[in-house]
1. List the number of the failed condition for PHE188; all other conditions in (1) part of a loop (DSSP other than H, G, I, E, B); (2) under 25 Å from VAL10 (Cα atoms); (3) touching a Ser or Thr at 6+ places or on another chain (Cβ under 8 Å) hold.
2. Considering only segment 242-255, I want to know if a residue exists there that is farther than 30 Å from THR205 by Cα and touching a residue at least 60 places away in the same chain (Cβ under 8 Å).
3. Would you please list the contacts, defined by Cβ atoms under 8 Å and residues six or more apart or on different chains, that run from a residue in segment 340-368 that is outside the structural domain of ASN320 (by TED's automatic domain parsing) to a residue that is of a type in the set (Gly, Ala, Ser) and modelled with pLDDT under 95?
4. On the basis of being in contact with a helix residue (DSSP H, G or I) (Cβ under 8 Å, 6 or more places away or on another chain), under 18 Å from ASP109 (Cα atoms), outside any loop (DSSP other than H, G, I, E, B) and not acidic (Asp, Glu), does GLN174 make the cut?
5. Filter segment 115-148 for residues that are aliphatic (A, V, I, L, M), more than 12 Å from VAL63 (Cα to Cα) and crowded, with 24+ Cβ neighbours inside 10 Å and give the result.
6. Within segment 1-49, take every residue that is of a type in the set (A, V, I, L, M, F, W, C) and without any contact (Cβ under 8 Å) to a residue 40 or more places away in the chain and give me the one that is nearest to GLY339 (Cα to Cα).
7. Taking only segment 48-84 into account, find how many residues are within 27 Å of the chain's Cα centre (by Cα), charged (D, E, K, R) and surrounded by 12 or more Cβ atoms within 10 Å (Cβ to Cβ).
8. Select from segment 405-423 the residues that are more than 24 Å from SER24 (Cβ to Cβ) and either in contact with a strand residue (DSSP E or B) (Cβ under 7 Å, 6 or more places away or on another chain) or surrounded by fewer than 24 Cβ atoms within 10 Å (Cβ to Cβ) (or both) and list them in ascending order.
Amino acid sequence: MNILIVATEVSPFAKTGGLADVVSSLSIEWKKKGHRPVIIMPKHRRIDIQKYNFHPTFLTLLVPMGYWTEYATIWRGKLPNSEVEVYLVENNSYFDRPGIYGDTSEYMDNDRRFIFLSRAAFEAAKALNFKPDILHAHDYHSAYTMPFLKTHYKNDPFFARTAGVFTIHNLAYQGRFDPQATMEYSSFGMKSFYPGSWFEYYGSTNFMKTGIKFADKVTTVSPTYANEIRTEYFGEGLHNVLNSRASDLIGILNGVNYDEWNPETDKFLPMNYSVNSLEKKKDIKYKFLRDNNINDDLDIPLVGMVTRLTEQKGIDLIINKLEDFLWHCKIRFAVVGSGEPRYENYFNYIKSKYPFSSIVYIGYNEKIARQVYAASDMFLVPSRFEPCGLTQMYAMKYGTLPIVRATGGLIDTVQEVIPSQKTGTGFVFWNYNAEDFAYALLRSLEVYSNSELLNKARKNAMGMDFSSAKSAEKYIEVFKWALEKI
């Protein structure tokens, strides 16, 4: 099966979150299974062309935009340690910028940038003579590939047998823009924009809605999230749109590439370990603390977090309770992340006030993040909502017990530790409030105080299998269903 994947971020080239990891891991698994995935993404300024061995193809694309034509060139490369083909769409006006979407706020012309990417993907496929069976789009940024497939390229023999599958990674980011501009850039014109049309949403264009309505199949990144987003509370205003596609909406749990995420082989760790050598995990913790100028009371539980610092991630719950635990020396805390300035400022304050109880890295550093996963005893994911989440899966593979709220993919992956039965892989709280969060953290500290129970829970967690191979196989099933609709 030929699979054309269109995404704005792909690990390790350019990444802001889990979307990049998922695109990469799925593509690798499809290649292993004998399919031919081809990835199309922007040539962002941050991509290290030399490091990742990208080369120009010397192909020039003519990309229709509105009533005019724009241009792009494409670069060829591969995902590291694989044969998955990756093509970068180069247009410096659109993509030679800091960041992927815009730094503190999104670029004002993201509608134009991502419509250009979506249209360029079709022209790139033709230039490369890659005839796709499936066009797989991710989040609002490539959503316009879905209407383009069903309209502008409907009568193009090259795409006559191509089905469109649209994956929602986070419904909160929908791509709402001025219709006068969007409808012109996309060549649909204002004649296609009217109340109730597939492009219209309360007077604006809504890329997410458009992708959902035009796709042959719609997937999202966990079974629970697929059910949640059909309700008003989680639906971000699109619950009725999603219910209109209920028979074509499928939740597939994201998976982990264990070739990349494995404490037995992780090159970022000072020493490797497995479920049979968990004593090394303590050595890693001690070294991590000492490397960060913490030399006393090394056995105090270390609670870690690697995250985007946004309201969605439950940071307000942490702010409400963290100092109570630090002040009474119940825990040490390590965080790697960036995001909203108010949250960055808070954690910098924590670092200055509790220099021997906290480790704070604002930004992202792969080596430090991996060491947080390995060195921590517990791992926080107290999200207000979480479509899937990968960090709790990473943490479990490293024998670090997650503390999560019961939402989306978190409840699909983490089971409460039951001491009497010695079962479970982490700690779950249901209500989004600070008291329930604190109680879950206290339960984890009780388990930490019982070394036999702690090691059993760690082994349970490390034994879980959330392999991306499973996810990839389920996507192939969905792709086959989508092709049946052509």
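The values are calculated or read from the model by the stated rules, or taken from the named source; none is laboratory data. None of the values given here were measured: they were computed from a predicted structure. Note that each Cβ is placed from the backbone with ideal geometry, even for glycine, and that neighbours are counted across all protein chains shown.
1. Of everything listed in (1) part of a loop (DSSP other than H, G, I, E, B); (2) under 25 Å from VAL10 (Cα atoms); (3) touching a Ser or Thr at 6+ places or on another chain (Cβ under 8 Å), PHE188 misses just condition (2).
2. Yes, that holds for at least one residue.
3. The qualifying pairs do not exist here.
4. Considered against the rule, which asks whether it is in contact with a helix residue (DSSP H, G or I) (Cβ under 8 Å, 6 or more places away or on another chain), under 18 Å from ASP109 (Cα atoms), outside any loop (DSSP other than H, G, I, E, B) and not acidic (Asp, Glu), GLN174 comes out as no.
5. ILE134, LEU135, ALA137, ALA143, MET146
6. ALA20
7. Matching residues across segment 48-84 total 2.
8. Across segment 405-423, the qualifying residues are ARG405, ALA406, ILE411, GLN415, GLU416, VAL417, ILE418, PRO419, SER420, GLN421, LYS422, THR423.
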